[in-house]
Amino acid sequence: MQKYKTTNKNMNYILTIIDVFSKYAWAIPIQRKTGDEITKAFKNVFKERIASKLQTDKGLEFINKLTQELLKKHNVHWFATENETKAQVVERFNRTLKSKMWKYFTENDTKKWIDILPALMKNYNSSYHRSIKMTPEQGSLIENSAEVYKNLFPKISSDLKKRKFNVGDRIRISRKQKDFRKGYLPNFTTEIFIVNEILKTEPYTYKIKDMDGEKVQGSFYEQEMVKYDNEFYEIEKILKSNKNKMLVKWKGYETPSWINKK
């Protein structure tokens, strides 16, 4: 936009920001790509809403101290794109905005965009968006968030209804799983674990812990798990014994325990 700056209050650039969930977007005129101007632009956006994560390119205007301090202040996790494909959401929006601007330029024989930019953004944010099946303004409302998620991720939403395991279920791990704890356990298929957490990934994955409450590193797919319903535990050997109790080593478990003889 630099070649049109004289008719646009010396503004050389437009900073574009898009919420990848609701598709709501902002377009802020800036004169220079400096930390000071970018920080001011973000401050204006943060008055409306604050992101939990922000992805940008590796421009110095984003890496500089001022911008990074602002993001840190608002607990925004920042990361930079490693390649162009990762910025495709905002690039798609940029093409949409440019199309609207050039249509206006052609119809009105002008290159002055500074005054009509707010109206163009209002038009975009109030227009139906195919991916979320509503307008970005509607998609920004908390009461519509579940519907937006369902529309963006229909397969995930469908799969999440077919969960095989619940928190607290006792399970065993497939023989194909190795090195998931402190080294390889040759008898891990006999050890019983408890589902500790369910991750809403596609498909579902599960966090587990052993019977002593120690969490197992990593997560597991449903096909790597089998439910265990047996209420009985097999004694591998008796380690110690006294008049009323005995210390036993359970098959598949590392930690022995005392049990009553009767």
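The values are calculated or read from the model by the stated rules, or taken from the named source; none is laboratory data. No experiment lies behind these values; they were computed from the predicted model shown. Here the Cβ is made from the backbone with ideal geometry for all residues, glycine too, and neighbour counts use every protein chain on show.
Which ones in the stretch 96-131 are in contact with a Ser or Thr (Cβ under 6 Å, 6 or more places away or on another chain) and either in a helix (DSSP H, G or I) or at pLDDT below 90 (or both)?
none
Among the residues of the stretch 116-144, what is the count of those that are among the small types (Gly, Ala, Ser) and free of Cβ contacts under 8 Å to residues at least 24 places away in the same chain?
Matching residues across the stretch 116-144 total 3.
Out of the residues in the stretch 49-95 that are acidic (Asp, Glu) and out of contact with any strand residue (DSSP E or B) (no Cβ under 8 Å at 6 or more places or on another chain), which is modelled with the lowest pLDDT?
GLU84
Determine which single condition ASP109 fails, assuming it passes every other condition in (1) surrounded by fewer than 16 Cβ atoms within 10 Å (Cβ to Cβ); (2) on the phi < 0 side of the Ramachandran plot.
Status for ASP109: all satisfied but (2).
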